[in-house]
1. How high is the relative contact order of the range 369-471, given as a whole-number percent (alpha carbon pairs under 8 Å, six or more residues apart)?
2. HN-Hα J couplings of the range 102-113 from phi, Karplus 6.51/-1.76/1.60, θ = phi - 60°, integer Hz, Gly and Pro as x?
3. Calculate log10 I(q)/I(0) of the range 44-120 for q = 0.23 Å⁻¹, where I(q) comes from the Debye formula with a single equal point scatterer on each Cα and nothing for solvent.
4. Tell me, Kirkwood radius of the chain from alpha-carbon pair distances, in Å?
5. Over all directions, how big on average is the projection of the convex hull of the alpha-carbon atoms in the range 51-93, in square nanometres?
6. Once neighbouring chains are kept in place and the probe is 1.4 Å, which whole percent of the accessible area of the chain is contributed by carbon and sulfur?
7. If one takes the longest principal axis of the Cα atoms in the chain, at what angle in degrees, from 0 to 90 and to the nearest 10, does the Cα axis of helix 287-296 lie?
8. Could you order the peptides 178-188, 108-118 from most to least packed, using the average number of other C-beta atoms within 10 Å per residue?
Amino acid sequence: MSFGFFGIQFGFALQNANVSRIFETLGASMDNIPILWIAAPVTGLIVQPIIGHMSDNTWNRLGRRKPYFLIGAILASIALLIMPNSPSLWIAAGMLWIMDASINITMEPFRAFVGDMLPPEQRTKGFAMQSFFIGTGAVIASGLPYILTRWFGVSNQPGESPIPDSVRWSFYIGGIVFFSAVLWTILRTREYSPEEMKSFNEQSEKQNLRKAADEVPAEKRMVFIRNGIIWILAGLVISAIIYWISLRTDRISLKAELYILTMGAAAFGLLQIIVGILIYFGKRKNGLVIVINDLYNMPKTMAQLALVQFFTWFALFAMWIYTTSAVTSHIFGTNDTASTLYNEGANWVGVLFSVYSGFAAMVAFLLPVLAKYTNRRITHMICLIAGGIGLISMYFISDYHWLICSMLGVGLAWASILSMPYAILTGSLPPEKMGTYMGIFNFFIVIPQIMAASLLGFFAQQVFKGEAIYTLMLGGGTMILAAILVLFVYDPFEKAEKAKIQ
């Protein structure tokens, strides 16, 4: 059931470990890298709730979630084959957009798949199994350029193409692995039929799990229109303020990046007005209407986890964007992307990412044991603190080999990030809306990434004076803050277990 995540994370890890390198090789400056990465989170913000809602309402010969596994795997595999052959920076940025959209088409239904197929008491183990396959796929993919260079003699220097052969062949292998692993899950699993799912849903209702509305009340149209106007005005006013500040300080790059946030707020307002209009014309079961209404009516646990996810993924995005720059400059002492030393440092970043992913796979099945003796919130808190300390510790290291120790802390956090929030969340969701709410939950992974892409370039250049290592330390601080916030999350399964004991 979870084996497809081996392939998904294989492609995702190649993207995380190598796209900044590709951008820099094609001429991107350090402060422009975050804005180039913006395609990935924006794509997820749009694609995942749509795919989640569609998969909730799909059933054909292939199943409910599996049609989306297949479509996404085909598109993502093609994108992985094309990405390392990008002849220019703008084409590489466009391919990142396409690749991330394709990965999202496959990934979101996989999250809901575990929620569909397992009862609440098995979901911690189920998501731990996902963490295992995610870690296993990432450990191989992240270190693949290094492996190809050291073990198989593949060139690590630019030749006819500005992208080294070690990177290009890594992406080719990734495309094959992605499709093969997802196809295995499609062929080897059977989804529950709509009749079986209905039976499970009835049992959930007996357990007092909230049932989601199938259509939105007509009287809510004015609520959406009013909220939409507020969001649009807020986006436009803040945009005007940023423009006025930029005229006085000449920080054009800051203005351009923050416009993504302000115009995004205005666009969200426009969507709400459209929802109000659709309700007025009787389209109360429209997919957009249902998704926006569900966003406003998310369970309490989901709202609390949203804040934890925000600070967690802000830290992760800082790490994915800036580890290459931080390690090559702070540890290897070079910013010359054509130099041998830079490419050795960039390959070592791939090894580091492989280490944290591999360690995550190793400890994945220890987390349910720790959660059994404490609880899922305490387990997640411990892991996030370890990750934050790992990122901060990189500043104090001069020998690049010791960075592996930092990555062990990150790996422990990564194993928990991939399992504990989802295990907590699924117990609070209506079963018939599992895909929709998993897509909405992705907002709180995507929004901090957009925030990071909008702000980190400014911090790296203006505040940290081009020292990318301080950006990683900032990420470590936000991860520790997320660890504190997780203590305030309500876990319904924890309450149910206490009731059984009593």
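1. Numbers: 65 pairs, mean separation 23.3, N = 103.
Rounded, it is 23 percent for the range 369-471.
2. 5, 4, 5, 4, 7, 5, 4, x, 5, 4, 5, 4
3. -0.98
4. Working: mean 1/r = 0.0430 Å⁻¹.
Over the chain, the inverse of the mean reciprocal pair distance is 23.2 Å.
5. Numbers: hull surface 14.9 nm².
Quarter of the Cα hull surface area: 3.7 nm².
6. Numbers: 13650 of 20490 Å².
Of all accessible area on the chain, carbon and sulfur atoms account for 67 percent.
7. Between helix and principal axis, roughly 90 degrees.
8. Going from most to least packed, we get 108-118, 178-188.
The values are calculated or read from the model by the stated rules, or taken from the named source; none is laboratory data. Here the structure is a predicted model, which is why all the values come from computation and not from measurement. Every residue, glycine among them, receives a Cβ derived from its backbone with ideal geometry; neighbour counts consider all protein chains shown. When the accessible area is computed, the model is the full protein with side chains, heavy atoms only, and any ligands, DNA or RNA have been set aside. Shrake-Rupley method; radii C 1.70, N 1.55, O 1.52, S 1.80 Å.
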